[in-house]
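Report on one structure; see the data block that follows.
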Amino acid sequence: MSTLSFSTNPYAASPALADTLRARIKPLAFILALHLLFFYAAWSGLLHRAVEAALPQAVVVTFVAPPEQHTPPPPPALPTLAAPAPYTPPLPAVSVAPVEASITVQTTVAAVVEKTPAAAPVNAAPALAATGPKTISTGVEYLQAPQPVYPAMSRRMGEQGKVVLRVLVNEKGLAEQATVQSSSGSTRLDEAGRQAALRALFKPHLEDGRAVPVYVIIPLNFQLS
């Protein structure tokens, strides 16, 4: 009696079929393993770190404003010392009585008159021009008499005196020059009298019907009364 044997392996009967199945299962298993590995890497952050390592690092540039330059405050200005005022010594006090000053103008003086010689030549005009204007002491007429101003310093110092002036009066009656013939003893009084004589107006002196320049003598008396 023959014995029949049965195998439980379905691929036992067909070895070729088994090889075909194994050849197909290996790629599928490899692909499945790759998927599992990819999901594991994504889950554990390994893939993210790999991507970060593969990609270039981003450089963050931040613009920082330059620091403000603080200008140091200027040093405090040193106080300026004012120059001391020049010392002026006080003038000596002079007691002057509060009275008005009087100035006397004398129109006549004892002056020597240059007389024309008795035997004067017929042509007297050239001789007069050669000798210059004569000096007269009488007959002086004013259109505006000298009006001297008493100097304040002279009044304060108590200065007084008489100045005699020699004044050249031209054909128009104007004083061209004035010189001090006799001083009053004070320069201020002499100058005040000289300026007053230059401002005076005279009536032209006539000789033979025509005006000629002459010298006149003017005394001015400065007195505190």
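The values are calculated or read from the model by the stated rules, or taken from the named source; none is laboratory data. The structure displayed is predicted, hence computed values, not measured ones. Please note: Cβ atoms are built from the backbone with ideal geometry, for glycine as well, and neighbour counts cover all protein chains shown. What goes into the accessible areas is simple: the full protein's heavy atoms, side chains included, and nothing from ligands, DNA or RNA. Shrake-Rupley method; radii C 1.70, N 1.55, O 1.52, S 1.80 Å.
Remark: pairs (first residue in the range 148-159, within 16 Å of Gln195 (Cβ to Cβ) and among the small types (Gly, Ala, Ser); second residue modelled with pLDDT of 95 or more and part of a helix (DSSP H, G or I); Cβ separation under 7 Å; 6+ apart in sequence or on different chains) = Ser154/Arg188; Ser154/Leu189. If the condition is being in a loop (DSSP other than H, G, I, E, B) and either open to solvent by less than 80 Å² (accessible area, probe 1.4 Å) or of a type in the set (Asp, Glu) (or both), then the range 168-224 contributes Asn170, Glu171, Gly173, Ser183, Ser184, Gly185, Ser186, Ala200, Pro204, Asp208, Gly209, Pro213.
How about the range 146-167: which of its residues are within 30 Å of Val212 (Cβ to Cβ) and loosely packed, with under 14 Cβ neighbours inside 10 Å? Walk me through it before giving the result.
Of the range 146-167, the ones within 30 Å of Val212 (Cβ to Cβ) are 146-148, 162-167.
The one that is within 30 Å of Val212 (Cβ to Cβ) and loosely packed, with under 14 Cβ neighbours inside 10 Å: Gln147.
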